[in-house]
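> This is the structure I have questions about; it appears just below.
The values are calculated or read from the model by the stated rules, or taken from the named source; none is laboratory data. All of these numbers come straight from a predicted model, not from anything done at the bench. Heads up, the Cβs are rebuilt from the backbone with ideal geometry, glycines too, and the neighbour counts pull from every protein chain shown. Only protein heavy atoms, including side chains, enter the accessible area calculation; ligands, DNA and RNA are left aside. Shrake-Rupley method; radii C 1.70, N 1.55, O 1.52, S 1.80 Å.
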Amino acid sequence: LILGGDCAGEVTECGDGVAGFKPGDRVVVNPRLSCMQCAPCLAGQDDLCRGSRFLGTAIDGSYAEFISIPAANAHLLADNVSFEQAAAAPTTYLPVWNMLVRRLQLKSWQTVLVLSASAGVGTAAIQVAKDVIGAKVIATTSSPEKATKATELGADVVINYKEEDIRERVREITGGAGVDCVVDHVGADFFVPAFASLRTGGRYGICGATTGLRTELHLGLLFSQQKEIYGVYMGTKEDMREIVELMNRGAIKPVVDRTFPLAEVAAAHKYMGETSFFGKLILTQ
């Protein structure tokens, strides 16, 4: 199996019946392929497709020299958007857009807690929450250097979780009320304090579990405080269209920490494991 999910590049050939694209077009690819035939797909809920496949997981991915995808998974890029920026967008902005805009329905007058601001999803969540929705953003990270970058990206307050208690700091910032929403893509290590940071009636979204799959949930607080939990995996094709439209306008700008030539992919994977980066890592051909 050839690895690689997110990618951007030039169209080299179009299949019969494809409209809207031509060889030479600059595009970004939605790496999640849906069947477009099941009930959820026909209802416009293709993020719930039971037969979906992912580039680099179920089928050969974007580390290859060429890939073949359905035209519905390609989106035209404006000239001002680099391939590196575009390739940093799909698997970070899709779950964030699905979560904040559609599921949690964050509003401009509300406050969101974004866990691990330095990761791709974290940087995307800060931008969508602040630059698109206009909400107040509290972010967490592990160092003063990353805190500075998160602030520059748009976070109103940054909590260094190695030095401060997340729940207590959130209560202090919000006057004891708690946040309206939580964006979680890290899982076990931070679930308990983040869930406790929600206000009564708050909404919790989770789209990843890089620190562990199992945690503890206080069911009494879940129902007595009427909190809501949403599991999110990527987003719909319409979500992707809206994201690319905003990216083409310059309203959102995916954060790239570093690029590597494909020949140095082993070094890139090693660097990713060190967790010292801020934003996405990109391979170039």
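> From the square roots a ≥ b ≥ c of the eigenvalues of the alpha-carbon gyration tensor of the stretch 100-224, which class results: rounded (a/c under 1.5), prolate (a/b over b/c), or oblate? Kindly include the intermediate steps, with their values, before the conclusion.
Working: a/c = 1.36, a/b = 1.17, b/c = 1.16.
Verdict is rounded for the stretch 100-224.
> How big is the chain by the Kirkwood estimate over distinct Cα pairs, in Å? List each step's numbers first, then the result.
On the way: mean 1/r = 0.0510 Å⁻¹.
Value: 19.6 Å, from the Cα pair sum.
> Moving on. Grab the other residues whose beta carbon is less than 11 angstrom from that of Glu238, score K and R as +1, D and E as -1, and report the net. Please list the in-between numbers first.
On the way: positive: Arg102, Lys237, Arg241; negative: Asp46, Asp47, Asp239, Glu242, Glu245.
Once all neighbours under 11 Å are counted, the net charge is -2.
> Run a plain Debye calculation on the stretch 1-101 (Cα atoms as equal point scatterers, no solvent) and give log10 I(q)/I(0) at q = 0.11, 0.18, 0.20, 0.24 Å⁻¹, rounded to two decimals, same order as the q list.
Values returned for q = 0.11, 0.18, 0.20, 0.24 Å⁻¹ are -0.34, -0.94, -1.15, -1.44.
> Another one. At 1.4 Å probe size, put Ser108, Ser143 in order of accessible surface, largest to smallest.
Final ranking, largest accessible area leading: Ser108, Ser143.
> Hey, another quick one. What net charge is computed for the residues neighbouring Arg103, neighbours being all others with C-beta under 12 Å from the C-beta of Arg103, Lys and Arg scored +1, Asp and Glu -1? Show your work: numbers first, answer last.
On the way: positive: Arg102, Arg203; negative: Asp47, Glu228, Asp239.
Net charge in that neighbourhood comes out at -1.
> Given 0.36 nm per residue, what is the gain on full extension from Phe21 to Ala266 after removing their alpha carbon distance, in nm? Could you put the intermediate results ahead of the total?
On the way: separation 245, 0.36 × 245 = 88.20 nm, distance 3.38 nm.
My answer for the length gained is 84.8 nm.
> How much area per residue is accessible in the stretch 40-156 when the probe is 1.4 Å and only protein heavy atoms are counted (Å²)? It would help to have the intermediate numbers written out before the result.
On the way: 4690 Å² over 117 residues.
Solvent-accessible surface per residue comes out at 40 Å².
> Hey, could you get me the Stokes-Einstein D for the stretch 214-253, Kirkwood radius over alpha-carbon pairs, 10 °C and 1.306 mPa s, rounded to whole µm² s⁻¹?
Values: Rh = 13.3 Å.
Once the numbers are plugged in, D ends up at 119 µm²/s.
> Run the 1.4 Å probe and let me know the accessible area of Lys270, rounded to the nearest 10 Å².
Counting only protein heavy atoms, the figure is 140 Å².
> Given only helices, namely DSSP H runs of n ≥ 4 each adding -39500 (n - 2.57), what is the per-residue ellipticity at 222 nm of the chain, to the nearest 500 deg cm²/dmol?
-7500 deg cm²/dmol
> Given the options Gln105, Gly9, Gly154, identify the residue whose Cα lies farthest towards the positive end of the charge dipole of the stretch 4-154 (+1 on Cβ of Lys, Arg; -1 on Cβ of Asp, Glu).
About the Cα centre, the residue reaching furthest to the positive side is Gln105.
> Something else about it: Mean separation of Cα pairs under 8 Å and 6+ residues apart, divided by the residue count of the chain: what relative contact order is that in percent? The partial results should precede the final answer.
Details: 580 pairs, mean separation 50.9, N = 285.
Rounded, it is 18 percent for the chain.
> How high is the relative contact order of the stretch 10-79? Use alpha-carbon pairs under 8 Å, at least six apart in sequence, and give a whole percent. Don't jump to the answer; show the numbers that get you there.
Values: 82 pairs, mean separation 22.2, N = 70.
Once divided by the residue count of the stretch 10-79, the mean separation gives 32 percent.
> Follow-up question, since we're still on this one. Over the stretch 120-202, what relative contact order in percent results from Cα pairs under 8 Å that are six or more residues apart?
On the way: 98 pairs, mean separation 19.4, N = 83.
Reported relative contact order: 23 percent.
> Express the C-alpha Rg of the stretch 175-256 as a ratio against the empirical globular expectation 2.2 N^0.38 Å, rounded to two decimals. Please report the intermediate quantities before stating the final value.
Values: Rg = 15.5 Å, N = 82, 2.2 N^0.38 = 11.7 Å.
This ratio for the stretch 175-256 stands at 1.32.
> Roll a 1.4 angstrom probe over the protein heavy atoms and tell me the percent of accessible area of the stretch 1-123 that is carbon or sulfur. Write down the numbers at each step before the final one.
Numbers: 2880 of 5680 Å².
Using a 1.4 Å probe with all protein chains present, the stretch 1-123 comes out at 51 percent carbon and sulfur.
> Report the Stokes-Einstein translational diffusion coefficient (µm² s⁻¹, integer) for the stretch 1-42, Rh taken as the Kirkwood radius over Cα pairs, at 10 °C with viscosity 1.306 mPa s.
Numbers: Rh = 12.6 Å.
So the translational diffusion coefficient is about 126 µm²/s.
> As an exercise, use a Förster radius of 30 Å and the Cβ-Cβ distance of Cys38 and Asn160 to find the FRET efficiency, rounded to the nearest 0.05. Provide the component values of the computation, followed by the final result.
Details: r = 45 Å, r/R0 = 1.50.
About 0.10, to the nearest 0.05.
> Sticking with this structure for a sec: For Lys270, list the aspartates and glutamates whose Cα falls under 15 Å from its own Cα; do not include residues on the same chain fewer than 8 positions away.
The reachable aspartates and glutamates, counting only those whose Cα sits under 15 Å from Lys270, are Asp257.
> Note the direction-averaged projected area, equal to a quarter of the hull surface, for the Cα convex hull of the stretch 33-150, in nm².
Computed as one quarter of the Cα hull surface, the answer is 9.5 nm².
> What aspartates and glutamates could a cross-link reach from Lys162, if we take a straight Cα to Cα line under 20 Å and drop same-chain neighbours fewer than 8 places away?
List returned: Glu145, Glu172, Asp184, Asp189, Glu274.
> Could you state the accessible area per residue of the stretch 168-285 in Å², with a 1.4 Å probe and every protein chain left in place?
Numbers: 6040 Å² over 118 residues.
With the other protein chains kept in place, the stretch 168-285 gives 51 Å² per residue.
> Compute the FRET efficiency between Asp189 and Cys14 as 1/(1 + (r/R0)^6), taking r as their Cβ-Cβ distance and R0 = 51 Å, and round to the nearest 0.05. Before the final figure, lay out the partial values.
Details: r = 46 Å, r/R0 = 0.90.
Once the sixth-power term is evaluated, E becomes 0.65.
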